[in-house]
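The values are calculated or read from the model by the stated rules, or taken from the named source; none is laboratory data. Keep in mind that this is a model prediction, so the values were computed, not measured. Methodologically, a virtual Cβ is constructed for each residue, glycine included, from the backbone with ideal geometry; neighbour enumeration extends over all protein chains shown. Keep in mind that these areas ignore ligands, DNA and RNA; they rest on the heavy atoms of the full protein, side chains included. Shrake-Rupley method; radii C 1.70, N 1.55, O 1.52, S 1.80 Å.
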There are 2 protein chains.
Amino acid sequence: MKPSLPKGTRDYLPAEIRKRNYIFDIIRDAFHRFGYEPIETPAMESLQTLTGKYGDEGDKLLFKIINNGDFLSDVPEDIYLARESKDLLPLIAKRGLRYDLTVPFARYLVMNRNQLKLPFKRSAIQPVWRADRPQRGRYQEFYQCDADIAGTASLYSECELIQLYDSVFAALKLPVQIRLNHRKLLQGIIQHCGMGERFSEVAGLIDKLDKMGFEKLGAEMGARGFDPKGIKNLFRLIQDPTLSELKQDSLNELVKTGIEELTLILDLSSRVGLHNSVVFDPTLARGLSYYTGCILEVVAIDANMGSIGGGGRYDDLTGSFGMPGIPGVGISFGAERIYDLMEEKGLFPDHLQSGGKLIFLSLDAECMSYTFGILMDLRKGGLACEFYPEPAKINKMMSYANDRGFDYVALVGLDEMNASKVTLKNMKTGEQKSVNSTEIKDNLNF
Amino acid sequence: MKPSLPKGTRDYLPAEIRKRNYIFDIIRDAFHRFGYEPIETPAMESLQTLTGKYGDEGDKLLFKIINNGDFLSDVPEDIYLARESKDLLPLIAKRGLRYDLTVPFARYLVMNRNQLKLPFKRSAIQPVWRADRPQRGRYQEFYQCDADIAGTASLYSECELIQLYDSVFAALKLPVQIRLNHRKLLQGIIQHCGMGERFSEVAGLIDKLDKMGFEKLGAEMGARGFDPKGIKNLFRLIQDPTLSELKQDSLNELVKTGIEELTLILDLSSRVGLHNSVVFDPTLARGLSYYTGCILEVVAIDANMGSIGGGGRYDDLTGSFGMPGIPGVGISFGAERIYDLMEEKGLFPDHLQSGGKLIFLSLDAECMSYTFGILMDLRKGGLACEFYPEPAKINKMMSYANDRGFDYVALVGLDEMNASKVTLKNMKTGEQKSVNSTEIKDNLNF
């Protein structure tokens with residue numbers, strides 16, 4: 001049997017894991033310093049929890065798990081004979097795989113509310129699953145890295161999340177721009193242009209502006225029957241205005257609230273020294289319908305890539321689980337895209353590529369036990385090192401050491417063993433050095 | 001809607017994740033020092049890869065994922081109308097969730113063989129899923145931590161894995177005994193007792209010895225029709241003999257090979273100073289049928305708990321995926337049981353319990369921005385610290401700080417702000433101290 005992977009999934013090689021963990025470790029360290037406590041939820045959730053939370057399209061993309069045992073036994077005869085997949089499904093599947101980290105977090109908050117203190121700040125780095133059509137760079141299993149604050153409406157939360165973004169991308173040495181907008185501002189503008197009743201649709205269209213441009217978008221909106229005057233008005237208001245220009249217009253209360261909050265957030269952010277710029281972007285819309293306040297997005301500078309992070313405020317995180325009135329705000333890091341960008345720009349440290357620093361090669365079967373003893377002492381002392389575990393020709397072993405990218409090789413033959421020494425060889429320069437077996441660690445620097 | 005979790009799954013609270021990560025970090029550090037490179041495989045595997053690898057019972061416990069879209073469309077009419085779950089299943093589900101880390105590793109080796117050098121040492125810490133009946137301490141989603149060496153028959157591998165166990169349990173401060181046996185020795189003994197044709201059954205029965213005791217096991221074997229003389233002989237051979245006693249008997253070639261290999265492994269292990277004892281245990285059988293060489297198991301000292309780790313050598317890891325002749329040996333850490341034992345014995349460091357070291361509380365809304373600035377500087381400097389993000393009564397904030405277990409509170413009112421200071425309060429002793437805002441980090445020690 002020739003093995004294969006399900007489409008849209010992949011294996012990770014060691015160097016890929018080391019690089020991915022380099023990103024995760026930097027994100028995790030920032031989560032820790034900023035007080036976002038780690039939580040975990042199971043990969044499997046009840047379909048009741050997941051269904052209806054991501055729109056019709058999302059429901060289709062959920063992976064559903066067949067009930068164990070004789071899963072057909074409780075299906076009523078008439079439904080079975082009708083043979084409709086969508087009607088049979090809820091009767092034979094009670095569980096699904098997590099689709100994002102936000103809905104499970106809302107469920108978590110409700111179910112664990114007695115053990116949590118609000119405001120509660122959580123972080124999570126976990127895979128999610130979506131039955132999307134696989135494409136280059138789009139997988140059916142991928143990681144999300146989320147930070148959320150639940151239980152406070154304070155705008156300091158937005159500022160903190162901006163700084164969290166800034167801190168992570170500074171540590172990754174990846175220059176970015178952090179873009180802000182406000183759902184209420186957007187809503188106010190759209191209302192002012194007489195399109196209030198089609199808010200979601202217009203927000204969705206504005207979300208496509210960076211792909212379509214104003215001209216195409218205008219044509220599309222015209223074709224959808226929007227009033228040309230309204231479109232013109234809308235484009236004037238979202239095309240490069242500053243917050244203070246918008247403020248002078250004082251269109252309506254929604255716009256006013258949006259501007260006030262954005263001004264405060266931008267003002268606070270400008271006072272702490274950030275590495276990256278934070279800008280107001282009136283064309284930022286973000287697709288997800290549950291955002292109600294500030295929305296934000298991160299874009300890498302000088303890169304041909306969509307957003308590598310995004311988030312926003314939602315007024316009612318847990319309402320659909322029976323606990324209304326808990327506001328929240330959260331952000332997410334797009335780990336896969338960050339990985340691809342880091343690779344493209346050569347930002348991963350060199351040492352992540354190599355299999356290790358030092359490998360021992362025994363030139364004689366009799367030396368193996370001696371070599372093994374040294375190895376164990378070094379590992380106890382905290383040094384990561386390796387060992388070729390069986391007698392082999394020197395050429396074979398050297399080529400193994402070379403292919404795996406070790407920096408140094410420690411050669412041990414009978415001469416070395418009898419003198420309690422090893423011969424260290426620098427694999428880059430070819431330089432060799434005879435070293436006492438107890439002084440190896442201090443000699444890995446030539 | 002009242003939310004719930006699928007049975008057999010659970011949420012992790014922050015303190016639980018911190019404790020679990022404490023264990024994982026120690027295991028991961030040892031994996032790194034010992035040269036076991038991290039890999040990852042997807043949660044979803046083709047059912048073709050998984051089915052038939054874990055016995056009939058295992059096949060039943062696999063979680064299967066329904067094909068997306070109109071999953072009934074390709075089911076032939078006659079099969080559909082027969083309405084048999086087991087016949088319908090393979091037609092509507094192509095994928096399943098990973099059941100362990102070994103079978104995916106074998107598939108991984110075959111599919112990635114051109115990018116890997118043998119011997120290849122891998123590590124993996126990932127969840128697995130089994131539709132077992134949930135019990136106290138037994139979940140349907142749990143973590144496995146595995147280290148394996150593929151592509152060498154060297155017994156140094158077994159020694160290294162013993163030392164890896166020793167190193168991890170020493171770092172966890174959890175005293176253990178590492179027990180060894182050998183499948184060939186067991187096989188030779190069972191053959192010698194005239195039960196060779198029922199080897200798997202007898203090995204399975206011996207595996208239950210620690211639960212049943214010799215008397216009950218003898219009765220059970222008698223009831224199953226084993227010859228009383230053979231049973232007596234078997235019990236004599238597996239009841240507390242030393243390797244040298246067994247050696248003198250020189251029963252057959254299998255026994256001889258087993259004894260030779262075990263002697264070598266025990267001898268090598270005794271030469272490197274271990275923290276824990278390694279003993280020969282002729283009653284150790286281990287259930288999994290694919291083991292062919294040395295088998296090992298770890299048991300905590302002074303604990304009423306089954307094994308907290310186990311593994312062994314398998315001659316043909318990848319044969320079922322079309323790549324025969326690759327030997328392997330691997331071990332696994334039982335993370336859940338280790339967690340429970342550490343909790344029971346109070347071995348987790350205290351600081352894992354608390355939400356953090358320092359939280360800032362603003363006594364006045366006007367001070368929040370000042371406080372926020374200090375906080376950001378500290379975080380930039382690497383200190384993890386927190387902030388109550390909205391104006392609130394001091395009692396409410398103090399109780400929040402207390403409930404979350406912070407060591408210190410930094411109080412900031414107008415007086416503090418005007419003097420560029422904060423008041424630090426030790427939450428255990430109640431002691432207070434006025435400190436310059438730039439000297440907070442150095443003052444968290446009273």
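Residue selection: A:Ser307 fails the criterion of being of a type in the set (S, T, N, Q) and touching a residue at least 60 places away in the same chain (Cβ under 8 Å). Of the helices (runs of 4 or more DSSP H) lying entirely inside the range B:216-335, those containing at least 2 residues that are open to solvent by less than 10 Å² (accessible area, probe 1.4 Å) and over 24 Å from B:Gln163 (Cα atoms) are B:228-238.
Of the helices (runs of 4 or more DSSP H) lying entirely inside the range B:367-446, those containing at least 3 residues that are on the phi < 0 side of the Ramachandran plot and open to solvent by 60 Å² or more (accessible area, probe 1.4 Å) are B:394-403, B:414-418. Taking every residue in the range B:184-199 that is outside the structural domain of B:Gly222 (by TED's automatic domain parsing) and pairing it with any residue that is among the small types (Gly, Ala, Ser) and open to solvent by 10 Å² or more (accessible area, probe 1.4 Å), at least 6 positions away or on another chain, yields no pair with a Cβ-Cβ distance below 9 Å. Among the residues of the range A:262-301, the one identified as of a type in the set (Lys, Arg) and closer than 22 Å to A:Asp146 by Cβ is A:Arg286.
A search for C-beta distances below 7 Å between a residue of the range B:325-351 that is farther than 14 Å from B:Tyr314 by Cα and any residue that is modelled with pLDDT of 95 or more and surrounded by fewer than 16 Cβ atoms within 10 Å (Cβ to Cβ), counting only pairs 6+ apart in sequence or on different chains, returns B:Leu347/B:Lys173. Going by the structure shown, is A:Leu186 closer than 30 Å to A:Lys256 by Cβ, buried (at least 20 other Cβ atoms within 10 Å of the Cβ) and modelled with pLDDT under 95? The answer is yes for A:Leu186.
Any idea which of B:Ala171, B:Ala147 is open to solvent by 10 Å² or more (accessible area, probe 1.4 Å), under 18 Å from B:Arg33 (Cβ atoms), modelled with pLDDT of 95 or more and more than 10 Å from chain A (Cβ to nearest Cβ)? From the options B:Ala171, B:Ala147, the qualifying one is B:Ala171. Restricting attention to the range B:116-127, does a residue exist that is open to solvent by 30 Å² or more (accessible area, probe 1.4 Å) and either closer than 30 Å to A:Phe63 by Cα or not basic (Lys, Arg) (or both)? Checked against the condition, which is being open to solvent by 30 Å² or more (accessible area, probe 1.4 Å) and either closer than 30 Å to A:Phe63 by Cα or not basic (Lys, Arg) (or both), the range B:116-127 yields at least one hit.
Listed here are the residues, each with its yes/no results for (1) at pLDDT 90 or above; (2) closer than 30 Å to B:Ile374 by Cβ; (3) touching a Leu at 6+ places or on another chain (Cβ under 6 Å).
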site: A:His192; (1), (2), (3): yes, no, yes
site: A:Glu197; (1), (2), (3): yes, no, no
site: A:Leu217; (1), (2), (3): yes, no, yes
site: A:Gly222; (1), (2), (3): yes, no, no
site: A:Gln239; (1), (2), (3): no, no, no
site: A:Leu246; (1), (2), (3): no, no, no
site: A:Ser250; (1), (2), (3): no, no, no
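Just one residue in the set B:Arg379, B:Arg404, B:Arg337 is basic (Lys, Arg), out of contact with any His (no Cβ under 8 Å at 6 or more places or on another chain) and under 30 Å from B:Ile178 (Cα atoms); that residue is B:Arg337.
If you take the residues of the range A:194-215 that are touching a Gly at 6+ places or on another chain (Cβ under 7 Å) and assigned to a helix (DSSP H, G or I), which of them is nearest to A:Asp240 (Cα to Cα)? Break it down into steps so the answer makes sense when it comes.
Going residue by residue through the range A:194-215, those that are touching a Gly at 6+ places or on another chain (Cβ under 7 Å) are A:194-195, A:204, A:207.
If we keep only those that are assigned to a helix (DSSP H, G or I) as well, we get A:204, A:207.
On the way: A:Gly204: 19, A:Asp207: 15 Å.
Within the range A:194-215, the match that is nearest to A:Asp240 (Cα to Cα) is A:Asp207.
For the range B:79-109, give me each residue that is within 24 Å of A:Ala15 (Cβ to Cβ), open to solvent by less than 10 Å² (accessible area, probe 1.4 Å) and aliphatic (A, V, I, L, M). Of everything in the range B:79-109, those that are within 24 Å of A:Ala15 (Cβ to Cβ), open to solvent by less than 10 Å² (accessible area, probe 1.4 Å) and aliphatic (A, V, I, L, M) turn out to be B:Leu101, B:Ala106, B:Leu109. Restricting to the range A:115-132, name every residue that is without any contact (Cβ under 8 Å) to a residue 12 or more places away in the chain and more than 7 Å from every other protein chain (Cβ to nearest Cβ). Selection gives A:Leu116 alone.
Within the range B:1-17, if we keep just the residues that are more than 7 Å from chain A (Cβ to nearest Cβ) and not in a loop (DSSP other than H, G, I, E, B), the residue that is farthest from the chain's Cα centre (by Cα) turns out to be B:Ala15.
Evaluating B:Pro42 against the criteria (1) of a type outside the set (A, V, I, L, M, F, W, C); (2) touching a Phe, Trp or Tyr at 6+ places or on another chain (Cβ under 6 Å); (3) under 19 Å from B:Asp146 (Cβ atoms) leaves one unmet condition, (2).
Being under 30 Å from A:Arg122 (Cβ atoms) and touching a Cys at 6+ places or on another chain (Cβ under 7 Å) is the filter here; which residues of the range A:330-386 pass it? Don't jump to the end; show me each part of the working.
Kept after step one, since they are under 30 Å from A:Arg122 (Cβ atoms), are these residues of the range A:330-386: A:330-343, A:347-349, A:352.
Within the range A:330-386, A:Ser332, A:Phe333, A:Ala335 meet the criteria.
Checking every residue in the range B:386-401 against the condition of being under 30 Å from B:Leu172 (Cα atoms) and within 31 Å of the chain's Cα centre (by Cα) gives zero matches.
Of the residues in the range B:46-55, none is touching a strand residue (DSSP E or B) at 6+ places or on another chain (Cβ under 6 Å) and β-branched (Val, Ile, Thr). With respect to (1) of a type in the set (S, T, N, Q); (2) in a helix (DSSP H, G or I); (3) more than 10 Å from every other protein chain (Cβ to nearest Cβ), the lone exception for A:Ser157 is condition (3).
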